[in-house]
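J.: Next up is a structure, given as structure tokens.
The values are calculated or read from the model by the stated rules, or taken from the named source; none is laboratory data. This is a predicted model, so every value here is computed, not measured. In this analysis, Cβ positions are derived from the backbone assuming ideal geometry, glycine residues included, and neighbour counts consider all displayed protein chains.
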């Protein structure tokens, strides 16, 4: 089982892939406090690391090696809501995405503070360091945050989620050409898509995306129906679906990497 809370693969591209939710690891003392529903880990970004693996040679990857039920690496350390007035989950979720309790013994303030220090802070220290390293090398860094979620979750959103969900904090987290490049690729697939719809980018996108400082951030939230056999246990990877999906994802990353010199020039 992982000991280090973050895996880093350093590359020489201007692209950094953030993977905050793709690991199912929980320390045994934390897992033991989950109820039966919680132990299903239904809110994992299933197989997202596999989906993006090798798509862009030279991309840096920063992957959290802990489950979001330990602590959510895509939430603010002060637990401010990303979507005030809407259902969501917090820094240490007390419910799953269906609004159902996940703990037999919910963590208190001291335990949450310990998890922040042990997991959340090291992940973001590593991510910030890689952003600075890449920016120092290229003059610009583009953080692409990789996510997936079940396509139908009434507690969080009405109806069925689009296949591709691009978030740029309403355009504030990146140069508009980055958002446009991603939108053009997904639009050409013929699949459903949205830009700054239900998902506008999590804390990672909003916190690090500072275009004026040469750091651009974009989040891609994929409906899991695009790459899983089924969105219920055991959440198996569908090779055929995934291989078809990898083509537009690769094109997005290639286009973003090609944009980096133009961003720097201005």
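J.: Could you list, in sequence order, all residues of the stretch 145-174 that are surrounded by 24 or more Cβ atoms within 10 Å (Cβ to Cβ) and either more than 18 Å from the chain's Cα centre (by Cα) or not in a strand (DSSP E or B) (or both)?
T.: Answer for the stretch 145-174, where residues must be surrounded by 24 or more Cβ atoms within 10 Å (Cβ to Cβ) and either more than 18 Å from the chain's Cα centre (by Cα) or not in a strand (DSSP E or B) (or both): 161, 168, 173, 174.
J.: Please specify each residue of the stretch 92-106 satisfying the condition of being farther than 14 Å from residue 43 by Cβ and at pLDDT 95 or above. Walk me through it before giving the result.
T.: Kept after step one, since they are farther than 14 Å from residue 43 by Cβ, are these residues of the stretch 92-106: 104-106.
Matches in the stretch 92-106: 104 only.
J.: Check the stretch 45-66 and report whether any residue there is part of a loop (DSSP other than H, G, I, E, B), under 16 Å from residue 156 (Cα atoms), at pLDDT 95 or above and within 19 Å of the chain's Cα centre (by Cα). Lay out the reasoning, then the answer.
T.: Filtering the stretch 45-66 for residues part of a loop (DSSP other than H, G, I, E, B) gives 45-47, 53-59, 65-66.
Those still in the list that are under 16 Å from residue 156 (Cα atoms) too: 45.
Next, only the ones that are at pLDDT 95 or above stay: 45.
If we keep only those that are within 19 Å of the chain's Cα centre (by Cα) too, we end up with 45.
Within the stretch 45-66, one or more residues are part of a loop (DSSP other than H, G, I, E, B), under 16 Å from residue 156 (Cα atoms), at pLDDT 95 or above and within 19 Å of the chain's Cα centre (by Cα).
J.: Going by what's in this entry, would residue 259 be described as in contact with a helix residue (DSSP H, G or I) (Cβ under 8 Å, 6 or more places away or on another chain) and either in a strand (DSSP E or B) or buried (at least 19 other Cβ atoms within 10 Å of the Cβ) (or both)? So that I can check it myself, show each step before the final result.
T.: Working: in contact with a helix residue (DSSP H, G or I) (Cβ under 8 Å, 6 or more places away or on another chain): yes; either in a strand (DSSP E or B) or buried (at least 19 other Cβ atoms within 10 Å of the Cβ) (or both): yes.
Criteria met by residue 259.
J.: Residue 197 - would you say it is touching a helix residue (DSSP H, G or I) at 6+ places or on another chain (Cβ under 8 Å), under 21 Å from residue 81 (Cβ atoms) and outside any helix (DSSP H, G or I)?
T.: Taking the combined requirement at face value, the residue does not satisfy it.
Okay, residues lined up against (1) free of Cβ contacts under 8 Å to residues at least 24 places away in the same chain; (2) closer than 19 Å to residue 188 by Cβ:
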| residue | (1), (2) |
| --- | --- |
| 223 | no, yes |
| 239 | yes, no |
| 242 | no, yes |
| 245 | no, yes |
| 248 | no, yes |
| 253 | no, yes |
| 256 | no, yes |
| 260 | no, no |
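J.: I'd like the full set of residues that are outside any helix (DSSP H, G or I) and either modelled with pLDDT under 95 or in contact with a strand residue (DSSP E or B) (Cβ under 9 Å, 6 or more places away or on another chain) (or both), limited to the stretch 120-144. First the steps, then the outcome.
T.: Let us first name the residues in the stretch 120-144 that are outside any helix (DSSP H, G or I), namely 139-144.
Within the stretch 120-144, 140, 141, 142, 143, 144 meet the criteria.
J.: Any idea which of 182, 242 is part of a helix (DSSP H, G or I) and out of contact with any strand residue (DSSP E or B) (no Cβ under 6 Å at 6 or more places or on another chain)? So that I can check it myself, show each step before the final result.
T.: Working: 182 fails: out of contact with any strand residue (DSSP E or B) (no Cβ under 6 Å at 6 or more places or on another chain).
Testing whether each residue is part of a helix (DSSP H, G or I) and out of contact with any strand residue (DSSP E or B) (no Cβ under 6 Å at 6 or more places or on another chain) leaves just 242.
A quick yes/no check of all residues on (1) buried (at least 22 other Cβ atoms within 10 Å of the Cβ); (2) under 21 Å from the mean Cα position of the chain (by Cα):
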| site | (1), (2) |
| --- | --- |
| 87 | no, yes |
| 96 | no, yes |
| 101 | no, no |
| 109 | no, no |
| 117 | no, yes |
| 125 | no, yes |
| 136 | no, no |
| 139 | no, no |
| 143 | yes, yes |
